[in-house]
Amino acid sequence: MPIKMGQMVGLRTLSKFVVGKRKGEQINELNGLKHLSGGLWLTKLNHVKDSTEAKEADLANKPNLTSLRLCWEDYTIFGRPRFDLQEEEKKKSERVLECLQPHVLGIRELSSLKCIGVEFCGEVARQLKGFPSLENLSLEIMPDLEKWEFPLLNDALFPCLRKLRIWNCPKLETPSIFMPTSCCLKNLNSLTVCFPTQSLSNLTALQTLMISHKGSILPAEIENLTILKSLKIQDCYDIPDEIGNLNALESLRISICEKLIFLPAEGLQKLTSLNLNSFDISYCKSLKTLPAMGRMIQEGTMMKSSCCSLVVLWIQCCHSLTSVSEGLAYLSSLQTLSIGGCDELELKREDFQHLTCLRDLRLAYLPKLISVPDVQNLTALQSLSFKGDQNLRILPEGIQQHLTSLQSLQVHECHPDLHKRLEKNKGVDWPKISHIPKIDIRP
């Protein structure tokens, strides 16, 4: 380890720092490195003499650090010494951690760990000390972790915690900090979890949520997260219509829900009439159709859209999906549409007729795409892309007449007949596309 690293005041990346005993190798060398970012691994923390020296590292004032790993010599801990250490060494390590005041802490790849007990937060006179400065905590890739114990729950455990990520811990039971009676996470605004969350009612500050647990049902009380802006759902087989009460939601992603047959029609209709501007549905292999989205009104015998917030729609690898007609019918504000990897999908001629604001259209790896729906109303379209559509033999009619805003055309790996028709200066359809500024044709 180079000595006197503290003189490198402009240093931004330092993946590992080995604490030494001599001057120039001590932990206080980190004091002046205010611009450190990314992950930092501190090893041999047993060489820190006392709490004063630990405080001089000034980790609390390095806001760009995204993860922190703490290691004592010959063993790794999450912040508290092991039981087989001498009592005095335990107390010293406790004081060192407390003075380090990490605002970011990452714990990962502890394959044999089964339980995180009270030693994680430290205990004084039967009171948990907690982490007074911690803002970001992650527990990841611990295949045998079953329990995370909190004998006593109070808001002093994680008073500053804003972001919590618990991922790839398949055996972990729901920790007690998520119980309705807990106030430990009242300031949390970002949560990623991989276990069934029975209670969300106490997470009133949450703005970002990612939840994944195979075979689980998204709890209906999710509607209590009134300021939630981003929601990602994985491995759930049912999503309740109460999702429609998330009035502040702007981004929704539903993925790898292999048993999900129906989307919450009423809920999606509400969301896309409020603030939802991005919807991504992918790898839901049992899904067959999309429900109508956007607020609808009836004019005579016709249903028309009066309000639609959705701007971006991604549909990927939903292998049983056969139709999107109903789902696209009222998306009058949609600007980006990407559909790919849907083996059974057949687009109908009228599917795009209401997408009058569409600017970016991508159709990829759709084996049943033989002809493109009418594009006569896509006057705002700027980018058009076809990739891997091996049965597509001809471009849609009216590219010259109707797609007057088109700036980019991409055709990759489609039927040989189509590539022949688009051959530069030779193909029969080349005159129809030669005016487009950016053309990318690849067999």
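For the range 1-105, which strands (runs of 3 or more DSSP E) that fit wholly inside it have 2 or more residues that are modelled with pLDDT of 80 or more and either buried (at least 17 other Cβ atoms within 10 Å of the Cβ) or of a type in the set (Phe, Trp, Tyr) (or both)?
Values: elements: 16-18, 38-43, 65-72.
Of the strands (runs of 3 or more DSSP E) lying wholly inside the range 1-105, those with at least 2 residues that are modelled with pLDDT of 80 or more and either buried (at least 17 other Cβ atoms within 10 Å of the Cβ) or of a type in the set (Phe, Trp, Tyr) (or both) span 38-43.
So, Leu384, is that one within 19 Å of Gly340 (Cα to Cα) and surrounded by 19 or more Cβ atoms within 10 Å (Cβ to Cβ) or not? Criteria met by Leu384.
Being modelled with pLDDT of 90 or more, closer than 15 Å to His354 by Cβ and out of contact with any Cys (no Cβ under 8 Å at 6 or more places or on another chain): is that true of Glu326 here?
On the way: modelled with pLDDT of 90 or more: yes; closer than 15 Å to His354 by Cβ: yes; out of contact with any Cys (no Cβ under 8 Å at 6 or more places or on another chain): yes.
Judged against the criteria, Glu326 is a match.
What are the residues in the range 397-429 that are touching a strand residue (DSSP E or B) at 6+ places or on another chain (Cβ under 9 Å), surrounded by 17 or more Cβ atoms within 10 Å (Cβ to Cβ) and closer than 20 Å to Arg359 by Cβ, if any? Ile399, Leu403, Leu406, Leu409, Val411 - these are the residues of the range 397-429 that are touching a strand residue (DSSP E or B) at 6+ places or on another chain (Cβ under 9 Å), surrounded by 17 or more Cβ atoms within 10 Å (Cβ to Cβ) and closer than 20 Å to Arg359 by Cβ.
If the requirement is being modelled with pLDDT of 95 or more and either of a type outside the set (D, E, K, R) or surrounded by 15 or more Cβ atoms within 10 Å (Cβ to Cβ) (or both), which of these qualifies: Ile339, Ile297, Ile256? First the steps, then the outcome.
Numbers: Ile297 fails: modelled with pLDDT of 95 or more; Ile256 fails: modelled with pLDDT of 95 or more.
Going through Ile339, Ile297, Ile256 in turn, the sole match is Ile339.
The listed residues are Ser405, Ser371, and the only one of them that is under 18 Å from Leu418 (Cβ atoms) and small (Gly, Ala, Ser) turns out to be Ser371. Among the candidates Ile227, Ile217, Ile243, Ile222, the residue that is surrounded by fewer than 18 Cβ atoms within 10 Å (Cβ to Cβ), among the hydrophobic types (A, V, I, L, M, F, W, C) and under 23 Å from Ser309 (Cβ atoms) is uniquely Ile227. Restricting attention to the range 307-331, the residues that are crowded, with 21+ Cβ neighbours inside 10 Å, of a type in the set (Phe, Trp, Tyr) and under 22 Å from Ile256 (Cα atoms) add up to 0.
Test Ser112 against the stated conditions and say whether it is of a type in the set (Gly, Ala, Ser) and at pLDDT 70 or above. Taking the combined requirement at face value, the residue satisfies it. Considering Ile227, Ile222, Ile261, the condition of being over 19 Å from Leu206 (Cα atoms), β-branched (Val, Ile, Thr) and without any contact (Cβ under 8 Å) to a residue 40 or more places away in the chain is satisfied by Ile261 alone. The selection criterion, being touching a residue at least 24 places away in the same chain (Cβ under 8 Å), buried (at least 20 other Cβ atoms within 10 Å of the Cβ) and assigned to a loop (DSSP other than H, G, I, E, B), does not hold for Leu206.
Residues that are hydrophobic (A, V, I, L, M, F, W, C), under 28 Å from the mean Cα position of the chain (by Cα) and under 19 Å from Ser323 (Cα atoms) are absent from the range 367-384.
Could you grab me the full set of residues in the range 393-413 that are touching a Phe, Trp or Tyr at 6+ places or on another chain (Cβ under 6 Å) and either under 15 Å from Ile339 (Cβ atoms) or of a type in the set (Gly, Ala, Ser) (or both)? First the steps, then the outcome.
So in the range 393-413, the residues touching a Phe, Trp or Tyr at 6+ places or on another chain (Cβ under 6 Å) come out as 411.
Hits for the range 393-413: nothing passes.
The values are calculated or read from the model by the stated rules, or taken from the named source; none is laboratory data. Bear in mind that the values here come from a model prediction, so they are computed numbers and not experimental data. Ideal geometry is used to build each Cβ from the backbone, glycine not excepted, and the neighbour counts take in all protein chains shown.
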